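Structure first, commentary second.
The values are calculated or read from the model by the stated rules, or taken from the named source; none is laboratory data. A quick note: this is a predicted structure, and the numbers were derived from the prediction, not measured. As a convention, Cβ positions derive from the backbone with ideal geometry for all residues, glycine included, and neighbour counts pool all protein chains shown. For accessibility, only protein heavy atoms count, side chains too; no ligands or nucleic acids. Shrake-Rupley method; radii C 1.70, N 1.55, O 1.52, S 1.80 Å.
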Amino acid sequence: MLLLALDTATPAVTVALHDGTDVVASSGQVDARRHGELLLPAVDRVLAAAGTGLDAVTGIVVGVGPGPYTGLRVGLMTADTFGMALGVPVHGVCTLDGLAFAADLDGPFVVATDARRKEVYWARYADSRTRLTDPAVDRPADIAEQVAGVPAVGAGALLYPDAFPDVHGPEHVSAAALASLAAERLARGEDLAAPRPLYLRRPDAQVPKNYKVVTPR
């Protein structure tokens with residue numbers, strides 16, 4: 001097994017290789033505006049660090065979000081392209097699950113990432129491997145009672161200390177954590193999610209209402 005994992009659902013552009021036992025190489029850079037520019041060079045760096053080529057990869061793991069439309073689709077489209085070109089399966093993993101796995105907390109906690117518009121993408125976890133709720137997008141003040149009294153993980157939690165006063169773990173997801181979680185689930189014979197995006201809301205760019213189509217005579 002050689003899994004190539006990548007995620008662009010948060011400001012981090014992150015890539016890793018996992019051989020079924022451990023992470024053999026990884027790369028991560030935080031830049032919310034350059035996902036498309038940074039992703040492929042990161043893949044090249046990781047493959048070079050591992051001393052292998054893309055043709056040795058046996059599966060792709062991609063973070064499916066939730067995340068902003070523009071950044072998220074960079075990773076998903078790249079994963080789909082690699083999968084088709086190599087003829088290997090593409091596995092989706094919730095980005096929040098990757099953060100939870102990396103946090104490695106024992107008891108219940110919450111993962112929250114920045115959804116912009118003064119909102120967070122979030123979910124509750126029983127432990128680092130068990131999600132209790134579907135990912136959602138909400139204003140922190142609206143979910144303060146639901147997340148009260150438990151630790152929180154992620155950049156979204158750091159942005160809103162009134163709702164998330166007890167923050168632990170990494171700010172952004174790492175492809176190393178996604179790959180490790182995926183490898184663990186595959187080893188148990190579990191089916192992973194399809195590589196389909198969790199947008200949770202419509203993109204910012206929309207066709208104006210009462211749009212007039214102008215055609216030449």
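Working only within region 148-201, note down all residues that are among the β-branched types (Val, Ile, Thr) and farther than 30 Å from Asp80 by Cβ. Once the filter is applied, which keeps residues that are among the β-branched types (Val, Ile, Thr) and farther than 30 Å from Asp80 by Cβ, region 148-201 yields Val150, Val167. Filtering region 44-59 to residues that are surrounded by 15 or more Cβ atoms within 10 Å (Cβ to Cβ) and either hydroxyl-bearing (Ser, Thr, Tyr) or within 16 Å of the chain's Cα centre (by Cα) (or both) leaves only Thr52.
Go through region 156-177 and count every residue that is out of contact with any Asp or Glu (no Cβ under 6 Å at 6 or more places or on another chain) and open to solvent by less than 20 Å² (accessible area, probe 1.4 Å). Residues meeting the conditions: 4.
Please tell me if Asp114 is touching a residue at least 60 places away in the same chain (Cβ under 8 Å), open to solvent by 50 Å² or more (accessible area, probe 1.4 Å) and closer than 30 Å to Asp162 by Cβ. Taking the combined requirement at face value, the residue satisfies it.
Among the residues here, Leu38 does not qualify as part of a helix (DSSP H, G or I), within 22 Å of Ala157 (Cα to Cα) and either at pLDDT below 95 or open to solvent by less than 30 Å² (accessible area, probe 1.4 Å) (or both).
Considered as a group, the residues in region 60-89 that are open to solvent by 30 Å² or more (accessible area, probe 1.4 Å), of a type outside the set (D, E, K, R) and in contact with a Pro (Cβ under 8 Å, 6 or more places away or on another chain) include one that is farthest from Val13 (Cα to Cα), and that residue is Tyr69. Taking only region 117-141 into account, find how many residues are touching a residue at least 60 places away in the same chain (Cβ under 8 Å) and not small (Gly, Ala, Ser). Final tally of qualifying residues: 3.
Cβ-Cβ contacts under 8 Å between residues 6 or more apart (or on different chains), taken from a first residue in region 62-89 that is closer than 18 Å to Ala42 by Cβ to a second residue that is assigned to a strand (DSSP E or B) and polar (S, T, N, Q), are listed as Gly67/Thr113. Are any of the residues in region 9-18 closer than 30 Å to Pro140 by Cα and open to solvent by 60 Å² or more (accessible area, probe 1.4 Å)? Looking for residues that are closer than 30 Å to Pro140 by Cα and open to solvent by 60 Å² or more (accessible area, probe 1.4 Å), one finds none in region 9-18, hence no.
Within region 100-114, the residues that satisfy the criterion of being of a type in the set (A, V, I, L, M) and out of contact with any helix residue (DSSP H, G or I) (no Cβ under 7 Å at 6 or more places or on another chain) are Ala100, Ala103, Leu105. Is it the case that region 85-95 has a residue that's of a type outside the set (Ser, Thr, Tyr), under 12 Å from Gly156 (Cα atoms) and part of a helix (DSSP H, G or I)? Scanning region 85-95, I find no residue that is of a type outside the set (Ser, Thr, Tyr), under 12 Å from Gly156 (Cα atoms) and part of a helix (DSSP H, G or I), so the answer is no.
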